[in-house]
Amino acid sequence: MKGGVKIAVRNLQKKIPINPKRITKTVLKILSQEGIKKSGEITVCFVNDTKIKELNLRYLGKNNPTDVIAFDIAEPKRPDKIFADIIISTDRAIDNARIYKTSPLYELYLYVIHGMLHLLGYDDKSKKDRLIMHKKEESLTYDLKPITYHL
């Protein structure tokens, strides 16, 4: 448990190989760069569209698959703790990689970053907030080594 936060990576899909150490490193990097000194646990779970659609409907009332859902499950009375789940669809990563001319792995890391930013209080509901969040994502993805993955 580095930095007081345990990172658990669960891979419940078979389409894209997942490197748990690299996912963990990415999450810890974001916590460090954002100056987060909390303790707790973050689980990053990779699923298919069927599972994320089910979760999106159950918890957010939206009947469609999405790229990432972040759940902050920490107790409000414990601001020194972080307990969260980030659920990521590898099917969305594959489809979006084709659309945006990136790689599925790049998309996955972008979703990890996006989910973490939501957990840290960033929002993307307004145009202004989306711009702020996008700039933060760009700064965090800038030094990722180029990731290539071809289907």
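The values are calculated or read from the model by the stated rules, or taken from the named source; none is laboratory data. Since we're looking at a predicted model, the values are computed, not measured. All Cβ positions, even for glycine, are placed from backbone atoms using ideal geometry, and neighbour counts span all protein chains on display.
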Inset, instruction - Collect the residues in the stretch 83-92 that are crowded, with 23+ Cβ neighbours inside 10 Å and in contact with a Lys or Arg (Cβ under 9 Å, 6 or more places away or on another chain), keeping them in residue-number order. - result: 87, 89, 90
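Which residue out of 21, 29 is closer than 17 Å to residue 115 by Cα and surrounded by fewer than 16 Cβ atoms within 10 Å (Cβ to Cβ)? So that I can check it myself, show each step before the final result.
Details: 21 fails: closer than 17 Å to residue 115 by Cα.
Selected residue: 29, the only one of 21, 29 that is closer than 17 Å to residue 115 by Cα and surrounded by fewer than 16 Cβ atoms within 10 Å (Cβ to Cβ).
Could you tell me whether residue 22 is of a type in the set (D, E, K, R), at pLDDT 95 or above and part of a helix (DSSP H, G or I)? Give the steps one after another, and end with the answer.
Working: of a type in the set (D, E, K, R): yes; at pLDDT 95 or above: no; part of a helix (DSSP H, G or I): yes.
So residue 22 fails the test.
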Inset, instruction - Could you figure out which of (1) surrounded by fewer than 16 Cβ atoms within 10 Å (Cβ to Cβ); (2) touching a helix residue (DSSP H, G or I) at 6+ places or on another chain (Cβ under 6 Å) isn't true of residue 12? - result: (2)
Legend entry - Any chance residue 52 is of a type outside the set (Phe, Trp, Tyr), outside any helix (DSSP H, G or I) and without any contact (Cβ under 8 Å) to a residue 60 or more places away in the chain: no
Inset, instruction - Working only within the stretch 35-81, note down all residues that are surrounded by fewer than 16 Cβ atoms within 10 Å (Cβ to Cβ), of a type in the set (Asp, Glu) and within 25 Å of residue 136 (Cα to Cα). - result: 72, 80
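Would you confirm, using the coordinates I've provided, whether residue 15 is under 16 Å from residue 67 (Cβ atoms) and of a type in the set (D, E, K, R)? Don't jump to the end; show me each part of the working.
Details: under 16 Å from residue 67 (Cβ atoms): yes; of a type in the set (D, E, K, R): yes.
Spelling it out, residue 15 is indeed under 16 Å from residue 67 (Cβ atoms) and of a type in the set (D, E, K, R).
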Inset, instruction - Could you grab the pairs with beta carbons closer than 7 Å, sequence gap of 6+ or different chains, first residue in the stretch 100-124 and under 30 Å from residue 76 (Cβ atoms), second one among the basic types (Lys, Arg) and part of a helix (DSSP H, G or I)? - result: 117/136; 122/136; 124/130
Inset, instruction - Might you let me know whether the stretch 93-102 holds any residue that is at pLDDT 95 or above, buried (at least 16 other Cβ atoms within 10 Å of the Cβ) and outside any helix (DSSP H, G or I)? - result: no
